[in-house]
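In what follows, a structure is listed as structure tokens, so that the remarks can point back to it.
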Amino acid sequence: MAFDDLYQEIILDHAKHPRNKENLDFISDDEVHENPTCGDSVKLAVDFSQDGKLERVRFDGDGCAISTSSASMMTEIVEGKSKEEVLKMIKSFILIMRNESESSLDDFGDLIALEGVIKYPLRVKCATLPWHALEDLLA
Amino acid sequence: MAFDDLYQEIILDHAKHPRNKENLDFISDDEVHENPTCGDSVKLAVDFSQDGKLERVRFDGDGCAISTSSASMMTEIVEGKSKEEVLKMIKSFILIMRNESESSLDDFGDLIALEGVIKYPLRVKCATLPWHALEDLLA
Amino acid sequence: MVAEWIFANGKSVGEIREDFPILQTKLTLVDHDDPIDLVYLDTAATAQKPLKVIQAEARYYREQNANIHRALHTLGETATALYEGSRDKVQAFINAEHRHEIIFTRNTTESINLVASSFGRSFGPEDEILLTEMEHHSNLVPWQLLSEQTGCKLKFIPISPGGELELEKLDELLTNKTALVGVVHISNIFGTVNDIEQIISKAHSMDIPVLIDGAQSSPHMAIDVQQLDCDFFAFSSHKLYGPMGIGILYGKEKLLEKMPPYMGGGDMIRSVKLTGSTWNDLPWKFEAGTPNVGGVAGFGAAIDYIKELSFDSICEYENMLTEYARKSLSGIKNIKIYGPSGHRAGVFSFTHNDLHPHDMAQFLDRYGIAVRAGHHCAQPAMRKLKVSSMARASLAFYNTRSEIDFLVEKIIAAGEYFNNGI
Amino acid sequence: MVAEWIFANGKSVGEIREDFPILQTKLTLVDHDDPIDLVYLDTAATAQKPLKVIQAEARYYREQNANIHRALHTLGETATALYEGSRDKVQAFINAEHRHEIIFTRNTTESINLVASSFGRSFGPEDEILLTEMEHHSNLVPWQLLSEQTGCKLKFIPISPGGELELEKLDELLTNKTALVGVVHISNIFGTVNDIEQIISKAHSMDIPVLIDGAQSSPHMAIDVQQLDCDFFAFSSHKLYGPMGIGILYGKEKLLEKMPPYMGGGDMIRSVKLTGSTWNDLPWKFEAGTPNVGGVAGFGAAIDYIKELSFDSICEYENMLTEYARKSLSGIKNIKIYGPSGHRAGVFSFTHNDLHPHDMAQFLDRYGIAVRAGHHCAQPAMRKLKVSSMARASLAFYNTRSEIDFLVEKIIAAGEYFNNGI
Ligand SMILES: Cc1ncc(COP(=O)(O)O)c(C=O)c1O
Ligand SMILES: Cc1ncc(COP(=O)(O)O)c(C=O)c1O
């Protein structure tokens, strides 16, 4: 059933126990990313290692199971990658979610669980919100 | 047939040979009355007698058979009447034409020929245009 | 009781539902083979349309379509009569004094923008506009835009945690600088029915005009603008069982007369020269360009439909249903309902301790239940209550008790699903 | 020849006419017992609608109606997909580079007002707007209102007695003060097809943006905004065989991005606080409040219909018919036809020496012939030609040669009636 496709076990797990989610009150509201259709928001903080890789990404915000789990899994998968690699990944992820790409989420680890979201165009925005935020931050 | 009701002999006569129609170029454009739906316009000049009656009403302008004949017949019927009488007449004529009155055009002489216009709401404006102009001028 | 409910036109709720084609249609969900019944609980967003409305609009295009006002042909006369006839219906519907006090716009939003842009054009930095913290974005953002352009100040009547206006602050907030008061009649998140009578009478005692956002009230109660004595009243056809693309602005003649035009174009002019133009009479001064004649004809049919049901019976039934829903929903564990606990409209915003409103709405959708989730275009009120998103179920006279029972059952199931899913 | 004409979709004109319910309906005249056939020659005012358009809108309300963008339920997803799908169709229809360059408004008039009010907001007394003397009021009055508010100046490309632009004056009229050029593509009184390519290229060589009023061109020729390279292009669904209440504004991304919002309200915001708001992305920044989703769905069906007929065959047929009408009408005694005698669109304004256009239109109506009479919302052009009113017959692909023959016959009869009637 489509519904269980949407809310796979792993999504619910990340939604209930988000990784790298911390209070980021020190970040100004101007840097919050919001989804204008629903009011969900996300903030990010990125620590870089000396060689310019993303050492740790933390997030904060208020979102549904789809956006929270997407943020949580994102922070895990980008860890240790270079800025360029991550920017490429983001572009690719967003296109796949919008159903505008030939590729699949096969190379995205656990994030493959979000493939069920593609069928729900209004939820795609939930899934991509943290990725847009990271893109803006890195760009 | 309704159409012949609309364009009775007498209307066509007044339209072709309007009474009291003269060049009134001396009147400023600001005093022209226009029908916003079609661009028809009418200007009036009124001469009063010493006892305050309407001695002569002249009109100028550009209009269809209905508005021209209405203006022409109006100038005839108001001649020699007092301002108050004419203002009452105008009110009554406009209400009858808009089908908002119990009365008929029986007391309006030849103007009774305009009764066929009542069935054509958009043409009512043509018939009442000169009357509105006279009302504004007298008010 | 409810099963036996009979509306003023002699119809039961079941028969009323048959008037609405979409309530007879099955819903096909994504990847779901069997179409299911629709349980429509999102009337506050947009109402469903009775067949007569759909047919009136279709009939217009099939038999009567023409541009209006300027045509001298039979079709044009017919279309003009339909359009202006609907204006008469609206006038009667809200008991306006004059037909030319009714202006057709696109929606409530445009009606309010019209007032902000035209009536508000003369405002300056010394002027204040008094709004409330529970306004829909439609009655907030236009004033923010005006404030940017003219320097006028916005002030707000605060709301309580229970979603009610703190009207005891009113005397202090109304000053001799207040140029306009704008208030939502019924809140689209809390269901609060605001005491606009009190606001209007206090404002008027200081000669301050009042605009009422009637988007949520006009579908559920009889409006008498003369009795309310409001200066502007804005509402939408699509929330009132009519077509989309039609809004209404009522304004008092003496204010509308003085206001400069809003948009320029055909139909709103008296005479146009290259060097300047003069304006048409009310209401056409504010209706530039070809209007949505088909939609306005459909809205006329919606008004006829509502009048046949009668607000007396609509209100009685909806109040009963609202009370039933309030009781049923407040009995659910882990659910918080917002808004007043006493008299209120059938608009229930709620949150669940264990799952986000989006996920709640998505879960309910699986069973054909349409509720809304998000900020409901009222972010400032949400911020004040420190909630970023709520789910919302809203009722109309075509809803039933058993739909509410079904909703309650599935809200409970949603909580279980998200807790056990792990 | 015409009888044998076959459109790209394999249909004859007779079969095409069957697609339009109103052309099958009989007209009941005032006080006329027998309903008669409609001869609709007023397409330039508003076009008739094919059944598929009427059905698409009705189907929307029967099966798919919901508010868009903010709903997470199935109906909301469907309605959003329909609405945004129509945007994609419009994008393809006029070959815009990006879908977010397509903004849904109410009509051409609103599209132009949007540009005047938002793009024009930064204009000042040193800025000039260059229009033409043949603009529809829709592309004149909004600029007059702007000029009153900002002090900017209006200048005009003059027209010749033949209803053509005196483009030799262009070089002189375009100055480094010109902030925008606004031109009608096809004149709604003269049928002139203006050389907008030349105007755009000259304006662009001076970095001046150009707005095209495409209300009359978009229904009769393929538009490619990238090839034209215009900066704004405004048109109306109702003139393009679609529902009323839908207008389109195309604008280049880089201009739209910089423009401030037009109306404030729901859907056009990103985030709203009491102290100020931020705006949504294009195109939604310019679409405040609940849009006319049903109308937009219907317009999508209209585009599908036109694409099936193909502009190649529409243009070929309409050109043939236009040439036939031009010849037939110019043969009538006492008739003066306005506009170019060469290449032109199927819009024929005319006057008769012996009777006023109103009376002409009324006479023709008696035979079911719908033509328009009046100033056609182009008073400045009429003044220039020293005519206060004209009758106008305008053609579409659903008209036939025999309708034109009938028109000619009745124009002649009108002259006789009014001369002999005395
Ligand atoms: C050339 C032209 N521009 C603008 C308009 C205005 O279109 P609408 O009334 O749909 O806004 C029209 C039609 O009336 C027109 O013919
Ligand atoms: C209270 C309130 N005001 C205004 C609006 C805006 O209505 P519309 O979108 O029809 O302009 C709405 C509905 O969304 C509403 O609920």
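Yes or no, residue by residue, for (1) within 16 Å of ligand 2 (Cβ to nearest atom); (2) among the hydrophobic types (A, V, I, L, M, F, W, C); (3) surrounded by fewer than 19 Cβ atoms within 10 Å (Cβ to Cβ):
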residue: C:GLY245; (1), (2), (3): yes, no, no
residue: C:GLY266; (1), (2), (3): no, no, no
residue: C:GLU287; (1), (2), (3): no, no, no
residue: C:ASP304; (1), (2), (3): no, no, yes
residue: C:CYS315; (1), (2), (3): no, yes, yes
residue: C:LEU321; (1), (2), (3): no, yes, no
Within region C:384-422, residues being in a helix (DSSP H, G or I), within 14 Å of chain A (Cβ to nearest Cβ) and either of a type in the set (Asp, Glu) or buried (at least 17 other Cβ atoms within 10 Å of the Cβ) (or both) number 7
Go through C:ALA56, C:ALA71, C:ALA47 for me and flag whichever is crowded, with 21+ Cβ neighbours inside 10 Å and within 16 Å of ligand 1 (Cβ to nearest atom). C:ALA71
Residues in region D:364-399 that are of a type in the set (Lys, Arg) and in contact (Cβ under 8 Å) with a residue 24 or more places away in the chain: how many? 4
Among residues belonging to region C:117-134 that are within 16 Å of ligand 2 (Cβ to nearest atom), at the interface with another protein chain (Cβ under 9 Å from one of its Cβ atoms) and of a type outside the set (Ser, Thr, Tyr), point out the one that is nearest to D:ALA116 (Cα to Cα). C:LEU131
What number of residues in region A:28-86 are β-branched (Val, Ile, Thr), within 15 Å of the chain's Cα centre (by Cα) and not in a helix (DSSP H, G or I)? 4
Does D:ILE314 qualify as being of a type in the set (Val, Ile, Thr), under 25 Å from the mean Cα position of the chain (by Cα) and within 16 Å of ligand 1 (Cβ to nearest atom)? no
Select from region D:104-128 the residues that are surrounded by fewer than 24 Cβ atoms within 10 Å (Cβ to Cβ) and either part of a strand (DSSP E or B) or of a type in the set (Phe, Trp, Tyr) (or both) and list them in ascending order. D:PHE119, D:PHE123, D:GLU128
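Rundown of residues vs (1) at the interface with chain C (Cβ under 10 Å from one of its Cβ atoms); (2) of a type in the set (Lys, Arg); (3) farther than 30 Å from D:SER402 by Cβ; (4) away from ligand 2 (no atom under 16 Å from the Cβ), yes/no style:
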| site | (1), (2), (3), (4) |
| --- | --- |
| D:GLN55 | yes, no, no, yes |
| D:THR78 | yes, no, yes, yes |
| D:ALA92 | no, no, yes, yes |
| D:VAL115 | no, no, yes, yes |
Would you call D:GLU133 within 16 Å of ligand 1 (Cβ to nearest atom), touching a Pro at 6+ places or on another chain (Cβ under 6 Å) and assigned by TED's automatic domain parsing to the domain that holds D:LYS89? yes
Taking the condition among the aliphatic types (A, V, I, L, M) and over 22 Å from D:GLU257 (Cα atoms), does D:ILE208 pass? no
Counting only residues in region D:139-155 that are within 17 Å of D:GLY182 (Cα to Cα) and surrounded by fewer than 19 Cβ atoms within 10 Å (Cβ to Cβ), the one farthest from the other protein chains (Cβ to nearest Cβ) is identified as D:LYS153
Test C:GLY85 against the stated conditions and say whether it is more than 16 Å from ligand 2 (Cβ to nearest atom) and touching a strand residue (DSSP E or B) at 6+ places or on another chain (Cβ under 8 Å). no
Selection within region D:19-41 - within 14 Å of chain B (Cβ to nearest Cβ) and in a strand (DSSP E or B): D:LEU27, D:ILE36
State all residues of region C:52-104 that are acidic (Asp, Glu) and over 28 Å from the mean Cα position of the chain (by Cα); if no residue qualifies, say none. C:GLU63, C:GLU77
In region C:232-271, anything more than 20 Å from C:ASN292 (Cβ to Cβ), modelled with pLDDT under 90 and touching a helix residue (DSSP H, G or I) at 6+ places or on another chain (Cβ under 7 Å) is listed as C:SER271
Which ones in region D:274-306 are without any contact (Cβ under 8 Å) to a residue 24 or more places away in the chain, in contact with an Asp or Glu (Cβ under 9 Å, 6 or more places away or on another chain) and under 19 Å from C:ALA381 (Cβ atoms)? D:LEU274, D:GLY276, D:THR278
For region D:106-130, the count of residues that are over 25 Å from C:THR150 (Cβ atoms) and more than 8 Å from ligand 1 (Cβ to nearest atom) equals 2
Return a yes/no flag: does region D:272-280 have any residue that is under 30 Å from D:GLU63 (Cα atoms) and surrounded by fewer than 24 Cβ atoms within 10 Å (Cβ to Cβ). yes
Among the residues of region A:22-55 satisfying the criterion of being touching a Phe, Trp or Tyr at 6+ places or on another chain (Cβ under 7 Å) and within 14 Å of another protein chain (Cβ to nearest Cβ), which is nearest to A:ALA139 (Cα to Cα)? A:LYS43
Only residues that are crowded, with 18+ Cβ neighbours inside 10 Å and among the aliphatic types (A, V, I, L, M): list them for region C:156-172, please. C:ILE157, C:ILE159, C:LEU165
Within 16 Å of ligand 2 (Cβ to nearest atom) and in contact (Cβ under 8 Å) with a residue 40 or more places away in the chain: is that true of D:PHE104 in this structure? yes
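The values are calculated or read from the model by the stated rules, or taken from the named source; none is laboratory data. This one's a predicted model, so the numbers in the text were calculated from it and none came from an experiment. All Cβ positions, glycine included, derive from the backbone under ideal geometry; neighbour counts span all protein chains shown.
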